[in-house]
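As structure tokens, the structure follows; a few thoughts come after it.
The values are calculated or read from the model by the stated rules, or taken from the named source; none is laboratory data. Owing to the predicted nature of the structure, the values given are computational and were not obtained by experimental measurement. Glycine also receives a Cβ, built like all others from the backbone with ideal geometry; neighbour counts cover every protein chain displayed.
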Amino acid sequence: MTHIAENISATAQKIRELEAKYGRPESSVNLLVVSKRHAEDKIRVAATAGITEFGENFLQEAEKKIAALADLNLSWHFIGPIQSNKTRGIAENFDWVQSVEREKIAQRLSEQRSPDKASLNVCIQVNLSQEASKSGTDLANVETLCRTVDELPRLQLRGLMAIPAPEEDFEKQRECFRVLAEEYQRLQKLFPAMDTLSMGMSNDYEAAIAEGSTMLRLGTALFGPRS
Ligand SMILES: *Cc1c(COP(=O)(O)O)cnc(C)c1O
């Protein structure tokens, strides 16, 4: 627990170094702290260390934390698989959803987002490794899904997200992220409001920075193993 603040400052420093190493503008890579299966008190420590954006995968667990930490003015990203019966809770409690992979889910999120709230920020989750993962839409469908989200009144299209299959080899990690980065650059010309390329987790974030990530999603590197 005492290491969380140190891990955060060391990782923030490392991100700045990697931005310089790969010719990325300073502060172009943002940090989303993934707090799934970590307790509220750890999130408070991270918030005290300056973190404002947190990612959660499970609606019930997240609803409890969001309520308990309402005094902190944090921004919450839903990053887990979405069943239709969970869209209302997501639309009501979150600021971002990074795991939209179907039209029907996008439509429900837009219908269920309260008019009193800002638009729900959306990233389309892309499946980069068909055999290894069932989550995300295929590259061939990404543009159509972006158009759907772009046209829905209560959603704001922000970008793309992917979780590649686990891979130890740095060059292979880069190749996988490059595919997403190229699609992102192509789509940005069609949807100029897109500003978020969410890729890179604890075991592959250097490769993600090298390939243009604008948002790392880190859990283990900051909080240690999940319970
Ligand atoms: C759990 C999770 C992460 C964080 O993974 P770590 O390896 O702990 O950094 C990032 N993104 C998504 C979508 C996750 O589910």
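Residue under question is E26, and the condition is that it be crowded, with 16+ Cβ neighbours inside 10 Å and more than 28 Å from A70 (Cβ to Cβ); does it hold? No: the conditions fail for E26. Of the residues making up segment 92-110, those that are within 28 Å of A68 (Cα to Cα) and without any contact (Cβ under 8 Å) to a residue 40 or more places away in the chain are E92, N93, F94, D95, V97, I105, R108. Looking across segment 83-130, the residues that are of a type in the set (D, E, K, R) and within 17 Å of L160 (Cα to Cα) come down to D95, E101, R102, E103.
Residues being out of contact with any Leu (no Cβ under 9 Å at 6 or more places or on another chain) and away from the ligand (no atom under 16 Å from the Cβ) are represented in segment 30-41 by at least one member. Tell me yes or no: at least one residue of segment 156-178 is over 30 Å from N7 (Cα atoms) and modelled with pLDDT of 95 or more. Checked segment 156-178: at least one residue is over 30 Å from N7 (Cα atoms) and modelled with pLDDT of 95 or more. If you check R16, R44 for being touching a residue at least 12 places away in the same chain (Cβ under 8 Å) and not aromatic (F, W, Y), only one passes: R44.
What residue, among those in segment 131-154 that are of a type in the set (S, T, N, Q) and closer than 13 Å to R102 by Cβ, is modelled with the lowest pLDDT? So, considering only residues that are of a type in the set (S, T, N, Q) and closer than 13 Å to R102 by Cβ, the one modelled with the lowest pLDDT is S135.
Let's see how each residue does on (1) exposed (fewer than 14 other Cβ atoms within 10 Å of the Cβ); (2) assigned to a strand (DSSP E or B):
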site: I15; (1), (2): no, no
site: V33; (1), (2): no, yes
site: K36; (1), (2): no, no
site: G55; (1), (2): no, yes
site: E63; (1), (2): no, no
site: W76; (1), (2): no, yes
site: N85; (1), (2): yes, no
site: I105; (1), (2): no, no
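Condition test on N141, is it surrounded by 15 or more Cβ atoms within 10 Å (Cβ to Cβ), more than 19 Å from N85 (Cβ to Cβ) and more than 18 Å from the chain's Cα centre (by Cα)? Judged against the criteria, N141 is a match. Please tell me if A91 is farther than 20 Å from A207 by Cβ, away from the ligand (no atom under 16 Å from the Cβ), assigned to a helix (DSSP H, G or I) and in contact with a Lys or Arg (Cβ under 8 Å, 6 or more places away or on another chain). Considered against the rule, which asks whether it is farther than 20 Å from A207 by Cβ, away from the ligand (no atom under 16 Å from the Cβ), assigned to a helix (DSSP H, G or I) and in contact with a Lys or Arg (Cβ under 8 Å, 6 or more places away or on another chain), A91 comes out as yes.
In segment 179-227, the qualifying residues are those that are surrounded by fewer than 15 Cβ atoms within 10 Å (Cβ to Cβ) and away from the ligand (no atom under 13 Å from the Cβ), and the one that is farthest from R24 (Cα to Cα) is L190.
Cβ separations smaller than 6 Å between residues 6+ apart or across chains give the following pairs from segment 20-33 residues that are more than 21 Å from M161 (Cα to Cα) to residues that are surrounded by 11 or more Cβ atoms within 10 Å (Cβ to Cβ): E26/E19.
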